[in-house]
Amino acid sequence: MVNPSRKRLVIGNWKMHGDTAFNSELLAGLRAGVADVPHCDVAVCVPFPYLYQVCSLLEGSGLGWGAQDVSEHEKGAYTGEVAANMLTDFQCQWVLVGHSERRTYHGESDATVASKASAALASGLTPVVCVGETLEQQEAGQTAAIIERQLAMVLALGRDAVARMVIAYEPVWAIGTGRTATPEQAQDVHALIRAKLKAIGAPDVRILYGGSVKASNAASLFAMPDIDGALVGGASLVASEFLSIAAA
Ligand code: 13P
């Protein structure tokens, strides 16, 4: 039985994919099918230049949208950055923070990630805080220690802040590789995250799993007690596949 305060949530992370023609078709497909998945919140996180398009095409559809990153600063001389208020200007509800691709290619630290989550909350966005270990760390038996370290500064923002977030567990070795964590492997880490959330009084924060989620493996992942949904990369670029994940 799904905990009603942990409604299922499936978010598509388009990463650096799309163009206006492609997006138009994908969004039309999502709009047409979203009524069939009322038990699940469904959203897409798109590249910044397409927020206006997404906002125009999804308004009133029941689908949510958001961005893949946000500045930790409110405004100012930060060339190339995008402020949280700019995202809410396009009616974003969601923003990914600390995705492993940001941590790896842009050197985002745990402190930066916590600061971005805080900036997002201050503008009324829901930050989706991503954590996950690399293959090397997993093989060295460091998964729990890495997740705890990545979460520590975010949890230090306090119960009221954390209660308004979503956490996504994305093992780096499962992203875009076709190699999914087994449901049991994912559940072990989700249970650890849940215990941390409970300890600060925010037990109902939704915890998503990400990493090669597809229509064919979604149901077995969602059957786990602490997996509340998915953060989907590649499979979110095909409307039928993405909606099948939400239906699972
Ligand atoms: P894939 O679903 O393509 O493995 O990507 C996962 C991811 O990084 C979502 O944020």
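The values are calculated or read from the model by the stated rules, or taken from the named source; none is laboratory data. Owing to the predicted nature of the structure, the values given are computational and were not obtained by experimental measurement. FYI the Cβ positions are ideal-geometry reconstructions off the backbone, even for glycines, and counts take in every protein chain you see. Just so you know, the surface numbers come from the protein's heavy atoms only, side chains and all, with ligands and any DNA or RNA stripped out. Shrake-Rupley method; radii C 1.70, N 1.55, O 1.52, S 1.80 Å.
Numbers for the structure displayed
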{"read-out": "Among the candidates T180, T126, T143, residue that is modelled with pLDDT under 95 and crowded, with 17+ Cβ neighbours inside 10 Å", "value": "T180"}
{"read-out": "All helices (runs of 4 or more DSSP H) inside region 61-123 with 2 or more residues being within 16 Å of the ligand (Cβ to nearest atom), open to solvent by 10 Å² or more (accessible area, probe 1.4 Å) and within 22 Å of V10 (Cβ to Cβ)", "value": "100-105"}
{"read-out": "Extreme residue, nearest to the ligand (Cβ to nearest atom), among residues of region 197-212 that are in contact with a helix residue (DSSP H, G or I) (Cβ under 6 Å, 6 or more places away or on another chain) and at negative phi", "value": "Y209"}
{"read-out": "Every residue from region 185-196 that is within 16 Å of the ligand (Cβ to nearest atom) and open to solvent by 50 Å² or more (accessible area, probe 1.4 Å)", "value": "Q185"}
{"read-out": "Hey, G33 over 22 Å from D228 (Cα atoms), surrounded by 11 or more Cβ atoms within 10 Å (Cβ to Cβ) and not hydrophobic (A, V, I, L, M, F, W, C) or not", "value": "no"}
{"read-out": "Subset of region 8-30 that is within 16 Å of the ligand (Cβ to nearest atom) and in a loop (DSSP other than H, G, I, E, B) - its residue that is least open to solvent (accessible area, probe 1.4 Å)", "value": "W14"}
{"read-out": "Residues that are away from the ligand (no atom under 16 Å from the Cβ) and either more than 19 Å from K7 (Cα to Cα) or among the small types (G, A, S) (or both), drawn from region 161-177", "value": "A161, A163"}
{"read-out": "Test for A35: is it more than 25 Å from H99 (Cβ to Cβ), not in a loop (DSSP other than H, G, I, E, B) and not polar (S, T, N, Q)", "value": "yes"}
{"read-out": "Unmet criterion (only one of (1) part of a loop (DSSP other than H, G, I, E, B); (2) out of contact with any strand residue (DSSP E or B) (no Cβ under 8 Å at 6 or more places or on another chain); (3) touching a residue at least 12 places away in the same chain (Cβ under 8 Å); (4) more than 9 Å from the ligand (Cβ to nearest atom)) for A181", "value": "(2)"}
